[in-house]
């Protein structure tokens, strides 16, 4: 069983991004936050730190956990119009009554470096240029880095979120995989997932995927980042048990996560260099 | 085996649409054409005739088969801004060098009654209000009309076009089916399609789906409209052979087609009544 770590790939993407970041004006990423959620704020701090490491400026725009949806939308519109800002992301969770999908429609697609605007998703699905969500792009980057063949292969994605499962299904289809999307209402999940040559778990349910869900030799990508009682992270896949069946498996942490952050920054550098 | 005809359903939708069309200003649909293709022009004439039957005005805007993409885009923008026009569709095929997906981005989503703008597809995928493509909506309307249960069922869509396969996958996911998308690169198509409880063929390849592709008792929806040498239409499904295996099957013609046209008109009437 091969462990598909993301650290070397992330480092390579960061090095390339640092070079791209010096090619024009300094790239600037604005992160809009309207939460007091610890995990969300931790992630934002990790982005800011990683941005600094590759020469990208990162502005935290904190509207507070009680921000009205109108104010969030206006902020995204203002940042989209600011020529000094090249990338705009809206951190979740949001205050009650605010729809991330609806609000992200206010992010200029050319600055939508985490592919959150429904227009970006639609363009992705239609095969037009767009930034995909960084997490979905990270799954593809890992598959490419480890030279996993996709053409005509059976890929199964567990999870149908707008930020991971759905865009990932389109990216896999674009690479000519036969793609199945499963979710919480899927009957006999293991019967479906065990047909996968490439299995991607993106459910947010710790340990959901066990050995009975995996075909011998399958490539398994674990997108889950579930908090553990001791303050760590664990994936959607029961790593130790699945390691005995899968041909290759990403660890959590250290798999998809670091590649996601690196790609978010690469998208920002590229947004700054758009003609 | 039950034959799932679309004629009664289409008639019911037209009757309802005729009532909706009298609720406010007369709905007006503009059809932009830039082709000399016979099938395309035949379809446009059939829309115009059906529109007249339910009290919807239909303008044919013929730019000729040599229209430049810029002119097509400007026309879509102008019609989108015209308060007397409620629905705008762009008929394919288009002149060489023109991208239907890219040009449809010029159709106001509120008038995009055939769900062609990538933003409509993205909003559909994100679970936000949008007009789905009429063909994809017609498949769902037929499944509902014949009370086909979708929750947790295995649905397989053959074909990954932006106008049918991809939006349909999202509509089926939204109804909690487990959804697989197959296409020309799928290996052992019959092995995948024969797992389907609901099978939708949307490939444009006459007779591609035979009895070996279909599980006993499956519900099969045939979206194909392939011309026959005698001037008729035939589907993607080998009707006579599959009828011996399937539990239910749509005919071609007389299945999805009439429902598609009726829904395009319903979308136009609803666009005219949007607040």
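The values are calculated or read from the model by the stated rules, or taken from the named source; none is laboratory data. Please read these numbers as outputs of a predicted model, since none were measured by experiment. So basically every Cβ, Gly included, is an ideal-geometry build from the backbone, and we count neighbours across all protein chains shown.
Points to keep in mind about this one:
- Any hit, region B:186-193, residues being crowded, with 19+ Cβ neighbours inside 10 Å and under 19 Å from the mean Cα position of the chain (by Cα): no
- Hits in region A:4-32 (condition: touching a strand residue (DSSP E or B) at 6+ places or on another chain (Cβ under 9 Å) and in a loop (DSSP other than H, G, I, E, B)): A:4, A:26, A:27
- Meets criteria (loosely packed, with under 13 Cβ neighbours inside 10 Å and touching a residue at least 60 places away in the same chain (Cβ under 8 Å)) for residue A:23: yes
- Hits in region A:68-97 (condition: modelled with pLDDT of 95 or more, part of a loop (DSSP other than H, G, I, E, B) and either out of contact with any helix residue (DSSP H, G or I) (no Cβ under 8 Å at 6 or more places or on another chain) or within 14 Å of chain B (Cβ to nearest Cβ) (or both)): A:68, A:82, A:83, A:84
- Residue check, residue A:113 more than 8 Å from chain B (Cβ to nearest Cβ), crowded, with 24+ Cβ neighbours inside 10 Å and part of a helix (DSSP H, G or I): no
Residue-wise test of (1) touching a residue at least 60 places away in the same chain (Cβ under 8 Å); (2) assigned by TED's automatic domain parsing to the domain that holds residue B:194.
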| position | (1), (2) |
| --- | --- |
| B:87 | yes, no |
| B:90 | no, no |
| B:99 | no, no |
| B:121 | no, no |
| B:164 | no, yes |
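- The listed residues are A:249, A:233, A:171, A:189, and the only one of them that is within 14 Å of chain B (Cβ to nearest Cβ) and touching a strand residue (DSSP E or B) at 6+ places or on another chain (Cβ under 7 Å) turns out to be A:189.
- Hey, residue A:160 within 12 Å of another protein chain (Cβ to nearest Cβ), under 22 Å from residue B:159 (Cβ atoms) and at pLDDT 95 or above or not: yes
- Cβ pairs under 6 Å, 6+ apart, first in region A:203-231 and within 17 Å of residue A:258 (Cα to Cα), second at pLDDT below 95: A:225/A:233
- So residue A:177, is it closer than 21 Å to residue A:7 by Cα, buried (at least 18 other Cβ atoms within 10 Å of the Cβ) and modelled with pLDDT of 95 or more: no
- With respect to the conditions (1) in contact with a helix residue (DSSP H, G or I) (Cβ under 8 Å, 6 or more places away or on another chain); (2) part of a loop (DSSP other than H, G, I, E, B), residue B:36 lacks only one, and its number is (1).
- Qualifying residue in region A:220-240 (condition: touching a helix residue (DSSP H, G or I) at 6+ places or on another chain (Cβ under 7 Å), at pLDDT 95 or above, surrounded by fewer than 24 Cβ atoms within 10 Å (Cβ to Cβ) and outside the structural domain of residue A:44 (by TED's automatic domain parsing)): no
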